[in-house]
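In what follows, a structure is listed as structure tokens, so that the remarks can point back to it.
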Amino acid sequence: MLELVEFYNWNRVRVKYCDGSSFTGDVEQVDPENKLFFRGARIFKAIMKDLWSKGMNNAENAILCGTSAGGLATILNCDNFKSLLPENVKVKCVADAGFFINGSALFFAKTISGTSDIQEMYRKIVNLHGSAKNLPSACTSVMEPSLCFFPENVVPYIQTPLFIINSIYDTWQTINEAVADWYFERAGFQYIDMDPCARDCKL
């Protein structure tokens with residue numbers, strides 16, 4: 001009976017996202033003042049090496065998936081994940097709620113230089129973490145590396161099959177857009193119920 005259930009005999013590994021750069025950082029020097037390491041790409045490779053030694057080298061199929069920030073990490077590391085596995089392994093990626101857009105409605109606030117806050121945030125991440133060399137080179141060769149943090153820019157360059165799930169009601173992006181609308185008086189609401197089917201919901 002179990003044989004009829006998809007993935008019943010697969011192994012699942014959960015990796016906690018902790019590096020702040022979607023596992024793309026790689027800075028050799030350690031800041032002497034705060035002792036911070038920016039080596040997300042090395043963490044990702046070390047995890048893969050550890051899993052390889054525990055049997056992943058015998059895998060026939062592999063799926064890399066993540067949610068929210070982990071979904072973005074999945075998009076940015078999809079081809080890298082495939083490259084670290086034997087050629088005969090069937091590899092696919094699933095990004096859930098990781099499609100952070102560089103849209104006009106999101107993050108209306110501008111920096112003093114006129115760029116959007118989210119663009120500036122990604123620029124700082126790429127610079128601080130030394131991420132450029134670990135982002136898909138097909139993307140970074142035609143635009144600023146920080147723009148390759150936006151899925152809308154990098155997805156066309158990803159070769160490994162990638163399935164993207166993103167709700168139009170994504171909580172994080174919806175709330176950020178709503179706050180901007182409220183702050184700049186484009187809308188009058190002050191509260192958004194992002195959980196309309198809570199326990200007290202009456203359908």
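The values are calculated or read from the model by the stated rules, or taken from the named source; none is laboratory data. Since this is a predicted model, take the numbers as computed values, not measurements. With ideal geometry, Cβ positions are generated from the backbone for all residues, glycine too; neighbour counts draw on all protein chains shown.
With the condition kept exactly as written, say whether any residue in the stretch 31-46 is modelled with pLDDT under 90, surrounded by fewer than 19 Cβ atoms within 10 Å (Cβ to Cβ) and in contact with a helix residue (DSSP H, G or I) (Cβ under 6 Å, 6 or more places away or on another chain).
No, the stretch 31-46 contains no residue that is modelled with pLDDT under 90, surrounded by fewer than 19 Cβ atoms within 10 Å (Cβ to Cβ) and in contact with a helix residue (DSSP H, G or I) (Cβ under 6 Å, 6 or more places away or on another chain).
Counting residues that are in contact with a strand residue (DSSP E or B) (Cβ under 6 Å, 6 or more places away or on another chain) and modelled with pLDDT of 90 or more, which helices (runs of 4 or more DSSP H) fully inside the stretch 66-145 reach at least 2?
69-83
In the stretch 151-166, which residues are in a loop (DSSP other than H, G, I, E, B) and either at pLDDT below 95 or not assigned by TED's automatic domain parsing to the domain that holds Ser22 (or both)?
Asn166
Tell me, please, whether a residue that is assigned to a helix (DSSP H, G or I), touching a Pro at 6+ places or on another chain (Cβ under 9 Å), over 25 Å from Asn166 (Cα atoms) and free of Cβ contacts under 8 Å to residues at least 40 places away in the same chain can be found in the stretch 31-42. Walk me through how you get there before you give the answer.
First, the residues of the stretch 31-42 that are assigned to a helix (DSSP H, G or I): 40-42.
This time we only want the ones that are touching a Pro at 6+ places or on another chain (Cβ under 9 Å), so: none.
No, that holds for no residue.
Show the residue pairs that are 6+ apart or on different chains and have beta-carbon atoms under 6 Å apart, the first residue being within the stretch 95-121 and more than 15 Å from Phe149 (Cα to Cα), the second being hydroxyl-bearing (Ser, Thr, Tyr) and at pLDDT 60 or above.
Asp96/Thr67; Phe107/Ser116
From the list Asp79, Asp50, pick out the single residue that is among the acidic types (Asp, Glu) and in contact (Cβ under 8 Å) with a residue 12 or more places away in the chain.
Exactly one of Asp79, Asp50 is among the acidic types (Asp, Glu) and in contact (Cβ under 8 Å) with a residue 12 or more places away in the chain, namely Asp79.
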